[in-house]
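> My questions all concern the structure below.
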Amino acid sequence: MIKSEHLSFKKMQLEDVGQFRNWGKHKSKMYDDYNFSEQTEEGVKSWYEWKTNVEMSTYYTIFLKERAIGYISFKNQKPILKTAELGIVLDPNYINKGFGYETLIEMIKFYFMKLGYSKIYLDVAKYNKRAYHLYKKIGFEKYSSTIMKYPNGRLDKKSKDYLENKDVFFNFLGISFFTADKLVLTKERFEELWNLNLKK
């Protein structure tokens, strides 16, 4: 088990996912794809297997004491190139409390220092300003952009969320798309920014 000041992290188990059913829901429809919607035992098991049976991917549950409040993933791991792709999801009840920041610092340090990785990549929707700000604070830098299909149904073009982010969306043949930035963090930059000797 990996531990930080307030949190602990361990490889995801099926019993952890059962707790996800008690999570809150995002108020904005734009983040529906981050809500945990499975409620049956069969659904929970299928979700767990869908996530954890992917080769070269590792999922860790984030615990606050005994409560599972999120998970972080390192996907498409390439041990020879020493790279991986990061993803993180938190129970909406525990957002804006510093737990995302604490998780990223501890788990990125673990991947660089203990596992010897050299680069971590991620994609972030440009409308997800909270996440974007956090990744930049950690030290991630933009190296490219991409287009993605909007996953949360029909856009409400009168909503405050849409009006504040309408420049990142476009419609093609009745399908909504959005722009996302591709970010990267190197071990050297992380070490420099956080004054860590990751070689020890």
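> Could you say whether any residue in the stretch 159-167 is not in a helix (DSSP H, G or I) and not small (Gly, Ala, Ser)?
no
> Another question, if that's okay. Can you tell me which residue within the stretch 112-151, out of those that are assigned to a loop (DSSP other than H, G, I, E, B) and more than 16 Å from the chain's Cα centre (by Cα), is surrounded by the fewest Cβ atoms within 10 Å (Cβ to Cβ)?
GLY116
> Within the group LEU7, LEU64, LEU81, which residue is modelled with pLDDT of 95 or more, loosely packed, with under 14 Cβ neighbours inside 10 Å and not aromatic (Phe, Trp, Tyr)?
Going through LEU7, LEU64, LEU81 in turn, the sole match is LEU81.
> Restricting the search to the stretch 46-89, which residues are of a type in the set (Gly, Ala, Ser) and not in a helix (DSSP H, G or I)?
Matches in the stretch 46-89: SER57, ALA68, GLY70, SER73, ALA84, GLY87.
> Quick check on this structure: which one of LEU185, LEU155 is part of a strand (DSSP E or B), open to solvent by less than 30 Å² (accessible area, probe 1.4 Å) and not hydroxyl-bearing (Ser, Thr, Tyr)?
Step by step, each of LEU185, LEU155 is checked, and only LEU185 is part of a strand (DSSP E or B), open to solvent by less than 30 Å² (accessible area, probe 1.4 Å) and not hydroxyl-bearing (Ser, Thr, Tyr).
> Turning to a different aspect of this structure: Do any residues in the stretch 64-79 that are within 19 Å of LYS114 (Cβ to Cβ) and among the β-branched types (Val, Ile, Thr) have Cβ atoms under 8 Å from those of residues that are open to solvent by less than 70 Å² (accessible area, probe 1.4 Å) and outside any strand (DSSP E or B), where the two are at least six apart or on different chains, and which pairs are they?
Partner pairs satisfying both residue conditions: ILE72/THR103; ILE72/LEU104; ILE72/MET107.
> Output the residues belonging to the stretch 18-45 that are aromatic (Phe, Trp, Tyr) and either assigned to a loop (DSSP other than H, G, I, E, B) or in contact (Cβ under 8 Å) with a residue 60 or more places away in the chain (or both).
Result: PHE20, TRP23, TYR31, PHE36.
> So is ASN96 open to solvent by less than 60 Å² (accessible area, probe 1.4 Å), more than 16 Å from SER4 (Cα to Cα) and either touching a residue at least 24 places away in the same chain (Cβ under 8 Å) or touching a Phe, Trp or Tyr at 6+ places or on another chain (Cβ under 6 Å) (or both) or not?
no
> In addition: May I ask you to list the residues in the stretch 152-200 that are of a type in the set (S, T, N, Q), within 23 Å of the chain's Cα centre (by Cα) and under 26 Å from LYS27 (Cα atoms)?
Those that are of a type in the set (S, T, N, Q), within 23 Å of the chain's Cα centre (by Cα) and under 26 Å from LYS27 (Cα atoms): ASN152, ASN165, SER176, THR179.
The values are calculated or read from the model by the stated rules, or taken from the named source; none is laboratory data. Please read all numbers here as calculations on a predicted model, not as lab measurements. As a convention, Cβ positions derive from the backbone with ideal geometry for all residues, glycine included, and neighbour counts pool all protein chains shown. Please note that ligands, DNA and RNA were not included when accessible areas were found on the heavy atoms of the full protein model with its side chains. Shrake-Rupley method; radii C 1.70, N 1.55, O 1.52, S 1.80 Å.
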